[in-house]
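Below is one structure, written out as structure tokens; comments come after it.
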Amino acid sequence: MSGPGSILVQHRQFASDNYAGICPEALSSLIASNVDHAPSYGNDHWTARAADSLRELFESDCEVFFVFNGTAANSLVLASLCRSYHSVLCHELAHIETDECGAPEFFSGGTKLLQVPGDHGKVTPETVRRVATKRNDIHFPKPRVLTITQATEVGTVYTVEEISALGELSRHLDLRFHMDGARFANSIATLGAPPADVTWKAGVEALCFGGTKNGLPVGEAVIFFRRDLADEFEYRCKQAGQLCSKMRFISAPWVGILEDGVWLRHAKAANDMAARLESSLQNLERVEILYPRQANSVFVQLEPFVVASLRELGWMFYTFIGTGGCRFMCSWDTTREDVDQLAADIKRLVREQIAGAF
């Protein structure tokens, strides 16, 4: 039975990769972790195994924590890197600026977010330097952290060279360097580079590695490549209600997707379906691809009749992300048939509009 205000989803959708269910590998590990009793609050072997798997993946003796969601992951990390009179530099479209309901400011006790402009959802060393050095007087919140989103809010991906340049600038300006990796897996699938090269080897000191959008039921991994920056982070998690008493039910699914490269295969599958959708919509009259498709989303400018008609057909998608347009997000379980059905409906509606059949 559907609850009040709920939406009945009749087929796979493109609104968000959060719509997708649990991938089989994560579900299998979750069920396996439920067989018997286990120590609570993260003192179980599933949590230890997941943390060790992440250390192996990143080729780093990093400090690992598991929290319920991305809002907590990003906000608590930024709070741990700042004091209330500091500021965080982020892209003007960054999720922490546009979609976190003030959580970073709340958990940090007032740290200010300084917006940095940039094309295609990215900041550059030049734009970061300009904002970071704009003022240095006591009346201005002191810049303390640079955060970037990988992949970005508009589906683009920072290259290793771009991240390294930002890492070098962060060291020069004495800024901590954080990466919001809600779709980190999709960016790695695009780059084909080792995760270490895209993070700590390029200067990233803390990473929020998203799993929910890549087939997990719940839970994100917070990774500190500099262990000293994680000092007392466990207390922040506890205070914020992010210390799960049955932690194995968050960490065990990570074991399932980290083994045998499952996480990367699922991310690549989502990226491939986004590429298929992009290819289907390219060169259509009255259809504009807004950003380079580099991960698992396609941003498209469609005319109002087409947008309204797609929704009448039951398609769900967002139009408020980035700078507008329709965002079609592919998930780990998106199929060729899903993509082809959506593309066919868009093409038919565009033809109808051009022919005046509305």
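The values are calculated or read from the model by the stated rules, or taken from the named source; none is laboratory data. Since the model is a prediction, treat every value here as computed from it, not as a measurement. Ideal geometry is used to build each Cβ from the backbone, glycine not excepted, and the neighbour counts take in all protein chains shown. Note: accessible area is taken over every heavy atom of the protein model, side chains too, but ligands, DNA and RNA are not part of it. Shrake-Rupley method; radii C 1.70, N 1.55, O 1.52, S 1.80 Å.
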What is the number of the single condition among (1) within 28 Å of Leu27 (Cβ to Cβ); (2) out of contact with any Pro (no Cβ under 8 Å at 6 or more places or on another chain); (3) of a type outside the set (Ser, Thr, Tyr); (4) open to solvent by less than 10 Å² (accessible area, probe 1.4 Å) that Cys244 does not meet? (4)
Regarding segment 173-181, can at least one residue be identified that is out of contact with any Leu (no Cβ under 7 Å at 6 or more places or on another chain), of a type outside the set (Lys, Arg), open to solvent by 10 Å² or more (accessible area, probe 1.4 Å) and over 24 Å from Val218 (Cβ atoms)? yes
Given the criteria of a type outside the set (D, E, K, R) and surrounded by fewer than 16 Cβ atoms within 10 Å (Cβ to Cβ), does Gly121 qualify? no
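Against the definition (open to solvent by 10 Å² or more (accessible area, probe 1.4 Å), out of contact with any strand residue (DSSP E or B) (no Cβ under 9 Å at 6 or more places or on another chain) and touching a residue at least 12 places away in the same chain (Cβ under 8 Å)), how does Ala165 come out, yes or no?
Details: open to solvent by 10 Å² or more (accessible area, probe 1.4 Å): yes; out of contact with any strand residue (DSSP E or B) (no Cβ under 9 Å at 6 or more places or on another chain): yes; touching a residue at least 12 places away in the same chain (Cβ under 8 Å): yes.
Yes; evaluated as a whole, the condition is true for this residue.
Looking at segment 328-345, is at least one residue in contact (Cβ under 8 Å) with a residue 60 or more places away in the chain and farther than 25 Å from Cys23 by Cβ? Before the answer, list the steps.
Going through segment 328-345, the residues in contact (Cβ under 8 Å) with a residue 60 or more places away in the chain turn out to be 328-336, 338-343.
Going one step further and asking which of them are farther than 25 Å from Cys23 by Cβ, we end up with none.
Looking through segment 328-345, none of the residues is in contact (Cβ under 8 Å) with a residue 60 or more places away in the chain and farther than 25 Å from Cys23 by Cβ.
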When segment 206-228 is examined, which residues are found to be touching a residue at least 60 places away in the same chain (Cβ under 8 Å), open to solvent by 10 Å² or more (accessible area, probe 1.4 Å) and either part of a loop (DSSP other than H, G, I, E, B) or touching a strand residue (DSSP E or B) at 6+ places or on another chain (Cβ under 6 Å) (or both)? Pro217, Val218, Glu220, Phe225, Arg227
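For segment 265-303, give me the residue count where each residue is assigned to a helix (DSSP H, G or I), open to solvent by less than 60 Å² (accessible area, probe 1.4 Å) and closer than 23 Å to Gly211 by Cβ. Don't jump to the end; show me each part of the working.
Our first condition is that a residue be assigned to a helix (DSSP H, G or I); within segment 265-303, this holds for 265-281.
Add one more test, that the residue is open to solvent by less than 60 Å² (accessible area, probe 1.4 Å), and what stays is 266-267, 269-271, 273-275, 277-278, 280-281.
Checking the rest, the ones that are also closer than 23 Å to Gly211 by Cβ come to 266-267, 269-271, 273-275.
Adding up the residues that qualify gives 8.
If I filter segment 124-133 for residues that are touching a Cys at 6+ places or on another chain (Cβ under 6 Å), part of a loop (DSSP other than H, G, I, E, B) and over 30 Å from Phe328 (Cβ atoms), do I get at least one hit? So that I can check it myself, show each step before the final result.
Applying the first criterion (touching a Cys at 6+ places or on another chain (Cβ under 6 Å)) to segment 124-133 yields none.
No, every residue in segment 124-133 fails to be touching a Cys at 6+ places or on another chain (Cβ under 6 Å), part of a loop (DSSP other than H, G, I, E, B) and over 30 Å from Phe328 (Cβ atoms).
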Scan segment 329-358 residue by residue and report those that are touching an Asp or Glu at 6+ places or on another chain (Cβ under 9 Å), open to solvent by less than 40 Å² (accessible area, probe 1.4 Å) and closer than 26 Å to Leu216 by Cα. Met329, Cys330, Ser331, Thr334
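Of Ser53, Ser80, which residue is part of a helix (DSSP H, G or I), farther than 29 Å from Leu30 by Cα and open to solvent by 20 Å² or more (accessible area, probe 1.4 Å)?
On the way: Ser53 fails: farther than 29 Å from Leu30 by Cα.
Selected residue: Ser80, the only one of Ser53, Ser80 that is part of a helix (DSSP H, G or I), farther than 29 Å from Leu30 by Cα and open to solvent by 20 Å² or more (accessible area, probe 1.4 Å).
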